[in-house]
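Since the structure comes first, as structure tokens, the remarks are kept for the end.
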Amino acid sequence: MVRASDLLHRAVDFVGDDDMSAHQAATKLLASLGMSAPQTLPKPSFNRSLLPSPQEFWAAHGVNLQSKKGWILAKCIFHEDTRPSMSVEATSGAFFCHSCGVKGGDVLAAHRLLTGCDFVTAAKALGAWEKK
Ligand SMILES: [Zn+2]
């Protein structure tokens, strides 16, 4: 016997975000099976504090921010770069390429640009998507 709360968790997992219509659909599904939804609905959400540090993330892409402060210049990881043309901010992980123009405010933005994935997929890939 599947517990109602497990089923709802599964339904929400399937949708992959906290879209209210998904919750409503799952609640309706449960009702149709004669089960009631749990009082508190699972609410997956983004937790910025779980993102890898800029040092960690950029090191994995060959950019060393170790014991650096402010903006440092590195070879761009978004285009074939021969001379360093990308600035990376050591504290926030923000980046801007003076050559190809890519930019973003944090490591999540960088991951999204590298992979072409959406916000939730990137948050999950970086371990910053929390199930409550
Ligand atoms: Zn570039």
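Miscellaneous remarks
- Residue among 127, 101 that alone is in contact (Cβ under 8 Å) with a residue 40 or more places away in the chain and either within 16 Å of the ligand (Cβ to nearest atom) or not hydrophobic (A, V, I, L, M, F, W, C) (or both): 127
- Test: residue in region 111-121 that is modelled with pLDDT of 95 or more, among the hydrophobic types (A, V, I, L, M, F, W, C) and within 16 Å of the ligand (Cβ to nearest atom): yes
- Tabulated pairs, region 79-92, first within 14 Å of residue 62 (Cβ to Cβ), second aromatic (Phe, Trp, Tyr), C-beta under 8 angstrom, 6+ apart or interchain: 86/78; 86/95; 86/96; 88/58; 88/71; 88/95
- Residue match in region 110-119 (condition: surrounded by 14 or more Cβ atoms within 10 Å (Cβ to Cβ) and assigned to a loop (DSSP other than H, G, I, E, B)): yes
- If you go through region 55-75 and pick out every residue that is outside any loop (DSSP other than H, G, I, E, B) and more than 19 Å from the chain's Cα centre (by Cα), you end up with 4.
- Residues being assigned to a loop (DSSP other than H, G, I, E, B) and within 16 Å of the ligand (Cβ to nearest atom) - total across region 76-92: 10
- Criterion (at negative phi and modelled with pLDDT under 95) met by exactly one of 55, 66: 66
The values are calculated or read from the model by the stated rules, or taken from the named source; none is laboratory data. Keep in mind that what you see is a predicted model, and the values were worked out from it rather than measured. Virtual Cβ from ideal backbone geometry, glycine too; neighbours counted across all protein chains shown.
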